[in-house]
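In what follows, a structure is listed as C-alpha cells, so that the remarks can point back to it.
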Amino acid sequence: MKKFIDTLKNIWKVEELRNRILLTLGLILVYRLGSFIVLPGVDQGQLAAGSSGGGLVALLDLFAGGAFSKASVMALGIMPYISASIIMQLLGMAVPVVQKLQKEGESGRRKINGYTRILTILICAFQGPSYLQMYVISANGVVDPDMMWWISSIMLLVAGTMFAMWLGERITDKGVGNGISLLITVGILARFPQSVFTEFLARNSGSGGIFMFIVEMLVFFAIIIVTVLIVQGVRRVPINYAKRVAGQGNVAEASQRSYIPLKVNAAGVMPIIFAQAIMTVPTMIQSDSVILQELQNYRGFWYNFVFALMIIIFTYFYTAITINPKQIADDLKRSGGFVPGIKPGTETADFIDTILSRITFPGSFFLALIAIIPAFAMLFGINDGFAMFMGGTSMLIMVGVVLDTLQQIETYLLNRHYDGLMEGGRIRGRRGANEFSGI
C-alpha cells in the first residue's frame, strides 16, 4: 500500500503528467455529463416502459454508457466514428488515391482524418433516423413527432457523436491514453457496479445463493487473468549486433544480444472494436429478413459465429498494417543487426512474417473465444448485464485500454527517474533497454 501511495505522489510531482491526467479526467467528465442530456420532446418514463432493453440494445447501451437507453444526445456514441475509420482503412488497401494519401506523411494523415469526419457525419445521418424510429418512436417515447422534431433530433445526434469524437482526439493529443478507447471504456465501467449488484440480488434471492455468486466472481477474475496474459503475451526474436571494440591495440568483433518483441496480440483492442461496430449495423436496419434477425440475436449461434470470425479477420488485418516485416528487416540491416542463423534482408523479413503468422492465429482465436463467453454465461443463468462483463468486447476493451494507459503513465514516471506502477516488474509492451526500437 505504501508503494502505491508513493507512486501516486510521484505522479503528482511530474507537472506534465499531472496536467495530462487532470485534463483527461475533465474531458471524460464532460462526456459522461453529455450522456444524461436527453433529446428534446422525449418522455424517458414512457421510453423505459416501452423499450425491450435486451439483446443488442443492451450491448449498444453498454458501449454508450447508458446514453442509448436514455435517448441522449450522445446516444450513438463513438461507434459511427469507428465505423468510418474502418471504412477508410479498408479503402487504403483497395483505392490507390487513399494509398497515396497514407504515404504522404502528416499532410496525408490530416486529409484522411478530414474524410473520416465527413464519413462519420454521413453514417450518423443514416443511423440517427433508424435509432429514432426503431427505439424511440416504437417505444412511444415521443408523442406525435413532427418534421421539426425529426430534423432537430438527427442534428443533435450527429453533433453528439462529433463532440464525442473531438473529446477523444483531445484526450489522445493532450491527455493520457487513446481517447476514443478511453471513452468507450468509461462508458462500459459506468455500468459495472449496477450489473454486479443486480447479479448479487438475483443470486441471493434465487438459485445458488451467495456461494454461486462467489463462484461467478472467481470465474470473472480468472477470465481477467487469462485476458491479461493474451494481451501481454510476447514472442521475443533474438537479435545480434556486431560491435567493434579495441583493446591493447587490437581490434576485435564483439556481439551484443537484443530482442524484437512480437506481441501475440499485436492489434490490441482495435479488432474487437471494429468487429463490434460492424455488428451494430443490423440493428439499424428494419427488415423481416431471417438473416438480419439472426444477426440481431446476441445469444444466437450465427451472431457469435460471425462476430468471432470478424475478430480473427480484423486481428490479421490490423497486425498486417501495424507491423511491417520488410521494414523491420531493412532497419536491422542498416543498423548492423541480424537474426542468428538467418540472412539479413529478404530472408529475415520472411522469417519475421512466418513467426507473426504463427502467433497471430492463436492470439486471434483466444480473443474470439473470450469475445463470445457472454453467450455461454447467459446459458448458465447469469443476467445479461453481468454476463457482458464475464468476457466479450467489454472485457477485452477494458483490459487492453487500462494496460495501455498504465504503460503511458509508467513511461512518464520512468523518464523522470521514478519507479513504475508495477512493483517487481514492468508492464509488458513498454520497450526495455535491450529491445529493438524499430517495433
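The values are calculated or read from the model by the stated rules, or taken from the named source; none is laboratory data. Keep in mind the model is a prediction, meaning the values are calculated, not measured. A quick note on method: Cβ atoms are made from the backbone with ideal geometry, for glycine too, and the neighbour counts reach across all protein chains shown.
When residue 336 is tested against (1) in contact with a helix residue (DSSP H, G or I) (Cβ under 8 Å, 6 or more places away or on another chain); (2) in contact (Cβ under 8 Å) with a residue 60 or more places away in the chain, just one condition goes unmet, and that condition is (1).
Of the candidates 100, 70, 111, the single residue that is in contact with a helix residue (DSSP H, G or I) (Cβ under 7 Å, 6 or more places away or on another chain), over 26 Å from residue 396 (Cα atoms), outside the structural domain of residue 282 (by TED's automatic domain parsing) and among the basic types (Lys, Arg) is 111. Restricting to region 7-47, name every residue that is over 27 Å from residue 164 (Cβ atoms) and either loosely packed, with under 13 Cβ neighbours inside 10 Å or without any contact (Cβ under 8 Å) to a residue 24 or more places away in the chain (or both). Matches in region 7-47: 8, 9, 12, 13, 15.
Being charged (D, E, K, R) and more than 30 Å from residue 406 (Cα to Cα) holds for only one residue in 174, 100, and it is 100. Screening region 267-298 for residues that are under 22 Å from the mean Cα position of the chain (by Cα) and of a type in the set (Val, Ile, Thr) and picking the one that is modelled with the lowest pLDDT gives 283. Evaluate the following for residue 60: is it touching a Phe, Trp or Tyr at 6+ places or on another chain (Cβ under 8 Å), buried (at least 22 other Cβ atoms within 10 Å of the Cβ), within 19 Å of residue 279 (Cα to Cα) and at pLDDT 85 or above? Criteria not met by residue 60.
Only helices (runs of 4 or more DSSP H) whose full extent lies in region 72-175 are considered here, and the ones with at least 1 residues that are acidic (Asp, Glu) are 106-131, 147-174.
Criterion first (over 22 Å from residue 321 (Cβ atoms) and modelled with pLDDT under 85) does residue 410 satisfy it? In short, yes. Once region 168-186 is narrowed to residues that are of a type outside the set (Gly, Ala, Ser) and surrounded by 24 or more Cβ atoms within 10 Å (Cβ to Cβ), the residue that is nearest to residue 34 (Cα to Cα) is 183.
You will find that of 429, 425, 381, the residue that is over 24 Å from the mean Cα position of the chain (by Cα), outside any helix (DSSP H, G or I) and at pLDDT below 75 is 425 and no other.
Identify all residues within region 331-371 that are closer than 30 Å to residue 389 by Cβ and hydrophobic (A, V, I, L, M, F, W, C); write none if there are none. 359, 361, 365, 366, 367, 368, 369, 370, 371 - these are the residues of region 331-371 that are closer than 30 Å to residue 389 by Cβ and hydrophobic (A, V, I, L, M, F, W, C).
Can you find a residue in region 193-215 that is within 30 Å of residue 265 (Cβ to Cβ), hydroxyl-bearing (Ser, Thr, Tyr) and assigned by TED's automatic domain parsing to the domain that holds residue 47? No, region 193-215 contains no residue that is within 30 Å of residue 265 (Cβ to Cβ), hydroxyl-bearing (Ser, Thr, Tyr) and assigned by TED's automatic domain parsing to the domain that holds residue 47.
Looking across region 220-254, just one residue is farther than 27 Å from residue 407 by Cβ, at pLDDT 65 or above and not small (Gly, Ala, Ser), and that is 240. Within region 117-129, being buried (at least 18 other Cβ atoms within 10 Å of the Cβ) and over 20 Å from residue 68 (Cβ atoms) holds for one residue alone: 119. Condition check for residue 132 on (1) modelled with pLDDT of 90 or more; (2) closer than 25 Å to residue 70 by Cα: one failure, at (1). Being in contact with a helix residue (DSSP H, G or I) (Cβ under 6 Å, 6 or more places away or on another chain) and closer than 26 Å to residue 412 by Cα is a description that applies to residue 186.
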